1. From ILE298, ILE328, grab the single residue that is modelled with pLDDT of 95 or more and within 22 Å of VAL262 (Cα to Cα).
2. I'd like the full set of residues that are of a type outside the set (Gly, Ala, Ser), more than 21 Å from VAL380 (Cα to Cα) and part of a strand (DSSP E or B), limited to the range 247-256.
3. For the range 134-143, indicate whether the set of residues that are closer than 30 Å to LEU385 by Cα and not acidic (Asp, Glu) is non-empty.
4. Being of a type in the set (D, E, K, R) and under 13 Å from ASP376 (Cα atoms): is that true of ASP301 here?
5. With respect to VAL157, determine if the residue is part of a strand (DSSP E or B) and of a type outside the set (D, E, K, R).
6. Restricting attention to the range 98-132, and to residues there that are assigned to a strand (DSSP E or B), of a type in the set (A, V, I, L, M) and under 20 Å from the mean Cα position of the chain (by Cα), which single residue is modelled with the lowest pLDDT?
7. Can you confirm whether the range 235-246 contains a residue that is over 25 Å from VAL167 (Cα atoms), at pLDDT 95 or above and not in a strand (DSSP E or B)?
8. Answer with yes or no whether ALA199 is over 26 Å from ARG31 (Cβ atoms), in contact with a strand residue (DSSP E or B) (Cβ under 6 Å, 6 or more places away or on another chain) and assigned by TED's automatic domain parsing to the domain that holds PHE152.
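The values are calculated or read from the model by the stated rules, or taken from the named source; none is laboratory data. Everything numeric in this text was worked out from a predicted model, so none of it was measured. When we count neighbours, we look across all protein chains shown, and the Cβ atoms used for this are built from the backbone with ideal geometry, even at glycine.
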Amino acid sequence: MKLAHSFTSLLALVSLVAGSPVQQLNTHALRLPLELSKRTLHKSPRMKYRRGFAAYEANKGYAHPLSMPSSSKSTKRDAGDVSLMSQDVDLWYASIDVGTPAQTFTVSIDTGSADLFLPSVNCSDSCNGHNRYDPSKSSTADDLHKAFVLTFGEGEVEGEQIADNVVIGGYEAKGQTLGAATVYSSDFSSENFIPDGLAGFSFESISGYPAPPLFQTLVESGQFQEAVFGVKLSAKPGASELYLGGTNTALYQQGNMSYTPVTEAGYWEVTLDQISRDGIPMGAPETSSIIDTGTTLIVADTGDAAAYFDGIPGATSYTDESEVLYSIPCDIIDNYAPTLTFGGHPVTVSGDTFNLGPTEERSSDCLAGVAGADVDFWIVGDVFLQNVYSIFDMGELRVGFAELA
């Protein structure tokens, strides 16, 4: 099946943008606008998480609970505010400065991974169209003499690890470990992936380097009053942002917020109380879920996904390797958007975000925002996250969701 909007994969990535070529250092929370960009990356979320689980076990000395055999079957801005740019409706991105003097790059900010990488000046044609990082031109760069390979779904990057100063939204992470990639797979080509690189915003325990992620480095430097970042994602131009060192209270209703604890500090893993459709529970209650700005869809195991679509008139499944996508007639699809409950607080996904558009040109069937894969947990991606203001609290080890203002 050819999808009209190139939804050939389940994963999307988030990134950050700064306003000026050389960022000024700040001492307060900072808002970063996010831009949105269309991508055709990552058919298999299972592969992305498999890499993280392997890194967790190597770093911690024991297996991640979710990797047990049962799951292996498969304008003027306020301080602290960074807006996000966009490429259509499934990739948010922005910019960072690296080195001395600064070299500027765009990167995806992904809460479903932990490592920062950029294309190297020594990268072959596979990096054409991207800005390339040259550590030899930075007086603060330090070659760590360590190789790396990172896998994201079907995409892969490899190269050498470098420590250098990284500025994001005016905050400086000194000696930040990053990957200078000499090889980009085709999934990371400029045609498929507009940002230059990617920055993981999860925990060090799933780092493939291993090394502290960018946000953790900033937290440990003492530059933030709170070890928190807030995210708003939207398909509307100029409406998305990442807020470092706190939250943008103008964007959400403070009296309508709920927190749920992180159950395992690797991914942003929390308990999903229940997912329901039109008030009817679907799937098991109190299941593990990962909050992932780097995933487009809401992804369940194949059985739970099938149960979700059971009984919907005209619902059709499409198998792509180990992933199962679903369509519903376009004239009724908005009626079948899910409600997800976290911390006792239900949030109903809007029809606009649940409906990902016609499966092909002039089709009367539309792609739905819930899919199945070979996983034993839920992956909660941007189909849900566009409906809430999300708060990632590394200090208190919790995730919060609030109704948008």
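1. ILE298 is the lone residue from the list that is modelled with pLDDT of 95 or more and within 22 Å of VAL262 (Cα to Cα).
2. Result: GLN253, GLN254.
3. No, the range 134-143 contains no residue that is closer than 30 Å to LEU385 by Cα and not acidic (Asp, Glu).
4. Yes.
5. When the stated conditions are applied, VAL157 passes them.
6. Filtering the range 98-132 for residues that are assigned to a strand (DSSP E or B), of a type in the set (A, V, I, L, M) and under 20 Å from the mean Cα position of the chain (by Cα), the one modelled with the lowest pLDDT comes out as ILE109.
7. No, the range 235-246 contains no residue that is over 25 Å from VAL167 (Cα atoms), at pLDDT 95 or above and not in a strand (DSSP E or B).
8. No, not satisfied.
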